[in-house]
Amino acid sequence: MAATAEKKVQVFDTEDEVAVSLAKYIAHLSEKFCKQRGAFSVVLSGGSLIETLRKLVEPPYIGSVDWSKWHVFWLDERVVPKTHKDSNYKLAYDGLLSKVPILPGNVYAINDALSAEGAADDYETRLKRLVGNTNVLAVSASGFPKFDLMLLGMGPDGHVASLFPGHHLLRENKRWVTFIKDSPKPPPVRITFTFPVINSSAYIALVVTGAPQAKAVQRALGKGQNSDKLPVQMVSPEGELTWFLDRDAASGRDKRMFRWVSKCCLCV
Ligand SMILES: O=C1O[C@H](COP(=O)(O)O)[C@@H](O)[C@H](O)[C@H]1O
């Protein structure tokens, strides 16, 4: 694993190997924070990430992770009922939450009975109640919530959460949670963390697999200077950022930058 001041990049031959390594990484951080603070705050994305979490619900992790100490949040959510096929909560429930003994009171889904504005305000208010006066959420020096781990996916256009290229929400620097009604990716109405919250995280895993993402990965990790940054290029946490890529997602990269070591390709 190669590390620079701001990020580590791991490239694996297949998505399955990404899933194996990601589960080990998450289990390690869970043990670290549960020992340190008696709680582990994890923020989920939707999309393809949930499928890549599948190894967490298999041995050894299904039995070794202290799920009772997990507190689960969402980076973004579509403003639809929690039972709707487009719901990130439903995706996580079906793929993870229904398979592990996380306490229902420690799962912080949005209030799906509210409007986009109301749901964003409600989520932000609930987060503010958890910061400082509990061991669930720390607070960063800038006053934003400091989650232990955020698990980010990335779309082919370089969007993360529901923060899309060229959108004015990329510049939101006061609110913790905001809303969008014109998402270029359906469904149009969503709520999302803002970049000050994303970048206050102690750890961020950026999990990107598949060839459609290769151009955005190349732009994000390449040496080129672009005036208009993609949202994924704005992910720059105070803590540690680790990219988990498969070969297809990294396929746009300069081959000389890779040296295959066993099954894990490292940037050198
Ligand atoms: O719409 C969304 O897209 C992103 C990326 O999804 P992916 O399937 O391309 O990985 C996802 O991270 C976000 O949570 C979701 O709302």
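If you go through region 206-233 and keep only what is outside any helix (DSSP H, G or I) and in contact with a Pro (Cβ under 8 Å, 6 or more places away or on another chain), you end up with Asp228, Leu230.
Residue by residue, here is whether (1) over 18 Å from the mean Cα position of the chain (by Cα); (2) surrounded by fewer than 18 Cβ atoms within 10 Å (Cβ to Cβ); (3) within 12 Å of the ligand (Cβ to nearest atom) holds:
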residue: Ser30; (1), (2), (3): no, no, no
residue: Thr52; (1), (2), (3): no, no, yes
residue: Val72; (1), (2), (3): no, no, no
residue: Thr83; (1), (2), (3): yes, yes, no
residue: Tyr89; (1), (2), (3): no, no, yes
residue: Val100; (1), (2), (3): yes, yes, no
residue: Asn111; (1), (2), (3): yes, yes, no
residue: Ser115; (1), (2), (3): yes, yes, no
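Condition check ((1) crowded, with 16+ Cβ neighbours inside 10 Å; (2) more than 16 Å from the ligand (Cβ to nearest atom); (3) within 18 Å of the chain's Cα centre (by Cα)) across all residues:
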position: Asp13; (1), (2), (3): no, yes, no
position: Ala23; (1), (2), (3): yes, yes, yes
position: Ser45; (1), (2), (3): yes, no, yes
position: Gly63; (1), (2), (3): no, yes, no
position: Ser68; (1), (2), (3): no, yes, no
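Restricted to region 147-196, the set of strands (runs of 3 or more DSSP E) holding at least 1 residues that are within 18 Å of Glu238 (Cβ to Cβ) and more than 14 Å from the ligand (Cβ to nearest atom) comprises 149-152.
Taken as a whole, the structure places Leu206 among residues that are within 14 Å of the ligand (Cβ to nearest atom) and either among the hydrophobic types (A, V, I, L, M, F, W, C) or open to solvent by less than 20 Å² (accessible area, probe 1.4 Å) (or both). Just checking, does region 130-144 include any residue being crowded, with 19+ Cβ neighbours inside 10 Å, within 16 Å of the ligand (Cβ to nearest atom) and under 10 Å from Ser41 (Cβ atoms)? Checked region 130-144: no residue is crowded, with 19+ Cβ neighbours inside 10 Å, within 16 Å of the ligand (Cβ to nearest atom) and under 10 Å from Ser41 (Cβ atoms).
The values are calculated or read from the model by the stated rules, or taken from the named source; none is laboratory data. Remember, predicted model here, so these are calculated numbers, not experimental data. Note: ideal-geometry Cβ built from the backbone for every residue, glycine included; neighbour counts use all protein chains shown. Side chains included, ligands, DNA and RNA excluded: accessible areas come from the protein's heavy atoms. Shrake-Rupley method; radii C 1.70, N 1.55, O 1.52, S 1.80 Å.
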